[in-house]
Amino acid sequence: MSTARTAIFDRLRRVNALPLSAPEPDYPIWNSTDTDTMLARLTGLLEQNHAEVIRLPRSALVSTLRDRLAQAGVKRVATGTGGEFFDDITQSLSDLAERVCFDRPLEEWKDELFNQVDAGITGCHGAIAATGSLVLWPGPEEPRTLSLVPPHHVAILKASTLHTNLPAMMASEGWNQGMPTNLLLVSGPSKTADIQQTLAYGAHGPSALTVLILEDA
């Protein structure tokens, strides 16, 4: 099987195919280079989709995260094992809520995660202003389940990682040289209209989304 796969990849590499030209879209692509405008659009679209958005300085992350979790009445919070904001998250949970660390295979604590955890906290790789979407790049330190299973997802975003639209993000980060293998776009709490075409939130994932935007980070 490995030999056959190698042969197929070798043939594809020898083709030296060039990228196909793409026609201009029939709809305008939202574009702006002004940070305040992009932040306003991101915030507005997230709030339209029932997300809570809090903009704050980096220095206020621990206190704001602690206050928001206390207001939500969470008792058990799932976190990763590392990441840029790991120390802040750990500090904010001290004496407030029990922290359940994602440091074991999912099969060993699936029931606990699905039925006994109130919130999951993750960082964000970036965000897209045009569609009001958070970009999560899960990995071993912050598995994707953290943002998909607990009823309340808290996402921490640095304003400096905001891009005007998805093509701009792809170009800026050189995705043509290596596409992400595990990317999530989050535009609000989970929702569905499958039942009688009535929009319901939290049917197959978090029913609440809180986004903390660090404006000076």
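The values are calculated or read from the model by the stated rules, or taken from the named source; none is laboratory data. Predicted model only: the values in this text are computed from it and were never measured. In this analysis, Cβ positions are derived from the backbone assuming ideal geometry, glycine residues included, and neighbour counts consider all displayed protein chains. Side chains are part of the model used for accessible areas, which takes the heavy atoms of the whole protein and leaves out ligands, DNA and RNA. Shrake-Rupley method; radii C 1.70, N 1.55, O 1.52, S 1.80 Å.
Remarks
- Residue 63 closer than 25 Å to residue 123 by Cα, open to solvent by 90 Å² or more (accessible area, probe 1.4 Å) and modelled with pLDDT of 95 or more: no
- Looking at the range 1-80, the helices (runs of 4 or more DSSP H) lying wholly inside it that each contain 1 or more residues that are of a type in the set (Lys, Arg) and closer than 15 Å to residue 162 by Cβ sit at 35-48.
- Checked across the range 170-178, the condition of being within 28 Å of residue 31 (Cβ to Cβ) and either touching an Asp or Glu at 6+ places or on another chain (Cβ under 7 Å) or open to solvent by less than 20 Å² (accessible area, probe 1.4 Å) (or both) holds for at least one residue.
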